[in-house]
Structure formats: C-alpha cells, structure tokens
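Just below is one structure, and these are the notes that go with it.
The values are calculated or read from the model by the stated rules, or taken from the named source; none is laboratory data. Note that the structure is a prediction, hence the values are computed from the model and not measured. Ideal geometry is used to build each Cβ from the backbone, glycine not excepted, and the neighbour counts take in all protein chains shown.
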Amino acid sequence: MKSLPFIDLKAPYLELKDEIDEAVQRVLHSGWYILGPEVEAFEAEFAAYCGVPHAIGVGNGLDALQLALLAMDVGPGDEVIVPSNTYIATWLAVSHCGATPVAVEPDPLTHNIDAARIEVAITGKTKVILPVHLYGQPADMDAILAVAKRHGLRVLEDAAQAQGARYRGTRIGGHGDAVAWSFYPGKNLGALGDAGAVTTTDPALDTRLRMLRNYGSRTKYINEVHGYNSRLDPLQAAVLRVKLKHLDTWNARRLQLADAYRAGLAGSPVAVPGVLPLAQPVWHQFVIQSDRRDALQNALKGKGIETLIHYPLPPHKQQCYADMHLAPDNFPIASGLADRVLSLPIGPHMSSGDVEVVVSAIQDITPNL
Ligand SMILES: *Cc1c(COP(=O)(O)O)cnc(C)c1O
C-alpha cells in the first residue's frame, strides 16, 4: 500500500522549479546579499497582498513576534496576554522581552484563544493582547479588538500559520496594531530556510521595526536604539515572491481537502474543528480530536498514514517555564487538547483521493479502538 507522508516540503519547489531557480540566480548575480531591492519588492508585494501599507522582512517568525513587542515598548514588568494553547514561540517572544506571558484558555472547538476569558486576565501591568490564528483559523478578532480598546491595550497577532486567511472578509495582516508572520518552510507560504515579517498599519511601528531589525539604525553607522540583526535574506525574499503568486491557489486546494475531511468524518467518533462564522481559515493544519488519540495515531501509522501532534506539551508544562511555577493543572483545556488532538495530512500537493484513503482508514479503525 502507498504510504502517505504528513507533508511534502519539496513538492512546491519542484512545481515552481524554473521560476524559483531563476529568482535565485537573479539574486546570486545581483551582488546584493543583505536587504536591498529583492527584500523591498517582497515587502511591497506582501503588504499589498495583506491590504496594509507596511511589511517589514525579518529573520524568522520568533523574531517577528519579539521585535514587534519591542516596537510596542514591551519590557520587564509588563504582561502580555497569550493563548495557553499555542506553539512555544508565542510565549518565548514575550519572555525574551523580559515581560511575562499571561495565558488564557482556548475555545476547545476552534482551538483558539477564548475572547470571553481575556478580560479577567487583564491587570494594571497588561500591555498587549497576543492572539494566535492557530492552524490557519483567525481568532475572534472583533471580540479581542473590543476588549483591547476598552482597556487601552495594543494587539499583536501571531499569524505564522495563517497566510491568506480572512476575518470578516478581510485578509489577516492589519486587524490589530501589528501582525507577525513566519515563512518557515512548512508554513502555507514557506521559504527555503528561515524567514519572517511583520505587517502593520501604523507608520511609527514600521519605522521602529526597520531600526530594530538592523542594529537600531536607519542611516548607516547611526545607531538610535539597541537593535538586533534580524533581516530577511534576499534569497528567501526572491523565493517568497515566486511562491506568493501561488498562495491563493494552494490555499484553495487546502480548503477543498479540509471540506472533504469534514464531509467524510461527519458522524464518526472523531471531532472535526469548529469554525467561527466570521473566519475563513486556510487550514495550515486539519486537527481532529479523539479520546483514543494515541491508539488512533498508531493504527494510522500501521496503514502507512503519517500524522503529527500539534502540540504534545503546552507551554505551561515545558521545562523552560518551570521558573514560572505554573501548576500542571492550571490550564486544563490546553492540557486536554494536547491529549486529544491529531493533525491529519493536508497540503496543496495532496489529492482528494489521499483524503479518501485517510477517511476510510479512520472509519475502519475507530470502531475497534
Ligand atoms: C512557526 C510558528 C512560529 C515561529 O516561527 P519561526 O519562523 O519558526 O521562528 C511562531 N508562532 C507560531 C504559531 C508558529 O506556528
């Protein structure tokens, strides 16, 4: 039987090989290897795609988050509201600024931060709300922006998994004060190495981020703030420019596959993700829930179907946060999800036949679990 890998990172390159090879050659022959025209062109194209005036290319998604927080003056003594259910990067960005991540539990149906639980977590030290558009589904932005406004807080979105997703019909990129992006190879828009960006509608944040990513400098050898070195690589910018043109097609394919999973798994004992009425997800992951998750994953593996768990251990249970003395049972919803979630294979290079194979495998397995 044919085996189905979780993801095929090489397929998008092979599909666009001629265009990508040409873009890489263009950079190699340009003699311009730091920032410059290729990075500026990608920034302009990505900003236009997101419908916002500013995009700032940085080294990776974690830096995008951290630099955006620093641009918002987040530092020691400040608190930032984060989801309890997220990838560790969201929390680490806050910690690296010297601030404290304050976790809020998710809605177990959408996996995203439960906006109704945010207000009670706000204190006099809270500066920013940092929702994550987890698995490619926009968080409940209207409710989050409303609570931020009531309390005079800024909103930074972690959109590492949500390139092209829409909320209220508008692409993610400018709902909050700033939006952090990762172009890690496996993301919906992925580079051939590390890459990231921040988008914003705020010209002051744009100016600060351009300095922070480049040694605190806007004019060479004039250093205004304690900056970093986190610049988007022109080679990656050139690759991203090619792939950006195909993102909508690839996301449409993901949506078809997600719909096929949803239809195929209706009535089965596994739970499919819930979607908010105003959210149009791009299905970075298609995450089901099962009480017998480990047995299901093993049985699928036995049938040649590779699945992953995003994520097996929530941030509050990680060793790196032992110093916060968060009790393991502090965030039961995030912990419960970590025990139940299973990411099925999804990606633009899968066929609907592949989805049928996974669906019938799950239908065969579940009665015997
Ligand atoms: C991938 C990811 C990041 C970090 O991106 P890197 O480019 O790997 O640094 C941050 N947040 C979320 C939710 C992610 O999925």
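Checking each residue in segment 110-127 for being over 18 Å from the mean Cα position of the chain (by Cα) and in contact (Cβ under 8 Å) with a residue 40 or more places away in the chain picks out A121, I122, T123, K125, T126, K127. Of all residues in segment 281-296, those satisfying the criterion of being surrounded by 18 or more Cβ atoms within 10 Å (Cβ to Cβ) and more than 16 Å from the ligand (Cβ to nearest atom) are I288, Q289, S290, R293, L296. Taken together, P138, P101 contain a single residue that is within 30 Å of R340 (Cα to Cα), within 16 Å of the ligand (Cβ to nearest atom), part of a strand (DSSP E or B) and outside the structural domain of K317 (by TED's automatic domain parsing), which is P101. Among the residues of segment 326-342, is there at least one that is small (G, A, S), farther than 29 Å from I144 by Cα and in contact with a Ser or Thr (Cβ under 8 Å, 6 or more places away or on another chain)? No: segment 326-342 contains no residue that is small (G, A, S), farther than 29 Å from I144 by Cα and in contact with a Ser or Thr (Cβ under 8 Å, 6 or more places away or on another chain). Please name all residue pairs, on different chains or six or more residues apart, with Cβ atoms under 6 Å, provided the first residue is in segment 288-307 and is of a type in the set (A, V, I, L, M, F, W, C) and the second residue is surrounded by fewer than 18 Cβ atoms within 10 Å (Cβ to Cβ). Final answer for the pair search is A295/L369.
Selection of first residues in segment 239-265 that are over 12 Å from L16 (Cα atoms) and of second residues that are of a type in the set (D, E), restricted to Cβ pairs under 9 Å at least 6 apart or on distinct chains, gives the following pairs, ordered by first then second residue: L257/D354; A260/E356; G264/E356. Looking across segment 320-369, the residues that are among the hydroxyl-bearing types (S, T, Y) and outside any helix (DSSP H, G or I) come down to S343, S351. Checking each residue in segment 164-187 for being part of a loop (DSSP other than H, G, I, E, B), away from the ligand (no atom under 11 Å from the Cβ) and in contact (Cβ under 8 Å) with a residue 60 or more places away in the chain picks out G164, A165, R168, G169, I172, G173, G174, D177.
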